[in-house]
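The values are calculated or read from the model by the stated rules, or taken from the named source; none is laboratory data. Fair warning: this is a prediction, and the values are worked out from it, not measured in the lab. Cβ coordinates were reconstructed from backbone atoms using ideal geometry, including for glycine residues, and neighbour counts include every protein chain displayed. With ligands, DNA and RNA removed, areas are computed over all heavy atoms of the protein, side chains included. Shrake-Rupley method; radii C 1.70, N 1.55, O 1.52, S 1.80 Å.
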Amino acid sequence: GTSDRLRPQGSRVESWLREARRRSPTVRRLVERIEQSDVIVYLDISRNLSPNVSAGLTWMAATTSRRIVRASFRPDLSASEAIAMLAHELQHVVEVVVHPEVRSSATLLDLYTRIGHPTGTNGLRWDTADAIALGTLARLEVTSGFKPNPAEVRKGT
């Protein structure tokens, strides 16, 4: 169904999200978590990502009742890559969800200096073990029909 929290910008991202929700239990779980939160996520295609970057999360705005972020994806991702990157970025959104103190670009960066590790040389790009793990898990779900034991999947719930 439609989502108030996840807002795909354009048909390609919309179809990636639809496929991801259909084929990946991990993505479905992340979406459910975000749906119950105060965070709105705009999902879009960006041609401005660095050559070695598939996707990224950026801060947009905060209101009294909502926090708004943007997850941007490279246009040339394959279906399975797109689903893996959706899971990866949605885990980053959940990391924002569970840290209500994140209300600006500065506090977002502060969060990742605490929970993440730098991936670039400029100190502006960060990643987390959880996002890497859930992206990998979603890729396995859609490429090999891998079904994790729900009892062992505690992250992102």
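In the stretch 3-26, is there at least one residue being touching a strand residue (DSSP E or B) at 6+ places or on another chain (Cβ under 8 Å), basic (Lys, Arg) and in a strand (DSSP E or B)? The answer is yes, given that some residue of the stretch 3-26 is touching a strand residue (DSSP E or B) at 6+ places or on another chain (Cβ under 8 Å), basic (Lys, Arg) and in a strand (DSSP E or B).
Condition first: of a type outside the set (A, V, I, L, M, F, W, C), open to solvent by 30 Å² or more (accessible area, probe 1.4 Å) and in contact with a strand residue (DSSP E or B) (Cβ under 9 Å, 6 or more places away or on another chain). Now tell me which residues in the stretch 82-114 satisfy that.
Of the residues in the stretch 82-114, the ones of a type outside the set (A, V, I, L, M, F, W, C) are 88-89, 91-92, 95, 99-101, 103-105, 107, 110, 112-114.
Retained after the next criterion (residues that are open to solvent by 30 Å² or more (accessible area, probe 1.4 Å)): 99-101, 103-105, 107, 110, 113-114.
Passing the criteria: 100, 103, 104, 105, 107, 113.
Listed here are the residues, each with its yes/no results for (1) of a type in the set (A, V, I, L, M, F, W, C); (2) within 13 Å of residue 6 (Cβ to Cβ); (3) outside any helix (DSSP H, G or I); (4) touching a residue at least 40 places away in the same chain (Cβ under 8 Å).
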| residue | (1), (2), (3), (4) |
| --- | --- |
| 28 | no, yes, no, no |
| 44 | no, yes, yes, no |
| 49 | yes, no, yes, no |
| 58 | no, no, yes, yes |
| 90 | yes, yes, no, yes |
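Going through 76, 130 one at a time, which residue ends up being charged (D, E, K, R), modelled with pLDDT of 90 or more and not in a loop (DSSP other than H, G, I, E, B)? Break it down stepwise before answering.
Working: 76 fails: not in a loop (DSSP other than H, G, I, E, B).
From the options 76, 130, the qualifying one is 130.
Residues in the stretch 88-109 that are closer than 25 Å to residue 140 by Cα and charged (D, E, K, R): 89, 95.
Of the residues in the stretch 94-108, at least one is in contact with a helix residue (DSSP H, G or I) (Cβ under 6 Å, 6 or more places away or on another chain) and outside any loop (DSSP other than H, G, I, E, B).
What pairs come up if the first residue lies in the stretch 100-111 and is acidic (Asp, Glu), the second is surrounded by 15 or more Cβ atoms within 10 Å (Cβ to Cβ) and outside any helix (DSSP H, G or I), and their beta carbons are under 9 Å apart, counting only those six or more places apart or on different chains? Close Cβ pairs (under 9 Å, with a partner that is surrounded by 15 or more Cβ atoms within 10 Å (Cβ to Cβ) and outside any helix (DSSP H, G or I)) amount to 110/102.
Please work out if residue 143 is at pLDDT below 90, among the β-branched types (Val, Ile, Thr), open to solvent by less than 40 Å² (accessible area, probe 1.4 Å) and out of contact with any His (no Cβ under 6 Å at 6 or more places or on another chain). No: the conditions fail for residue 143.
The residues of the stretch 47-69 that are open to solvent by 70 Å² or more (accessible area, probe 1.4 Å) and of a type outside the set (Ser, Thr, Tyr), listed by number, are 47, 48, 51, 52, 60, 66. For beta carbons closer than 6 Å, sequence separation of 6+ or different chains, a first residue in the stretch 7-19 that is closer than 15 Å to residue 76 by Cβ and a second that is open to solvent by 90 Å² or more (accessible area, probe 1.4 Å), there are no qualifying pairs.
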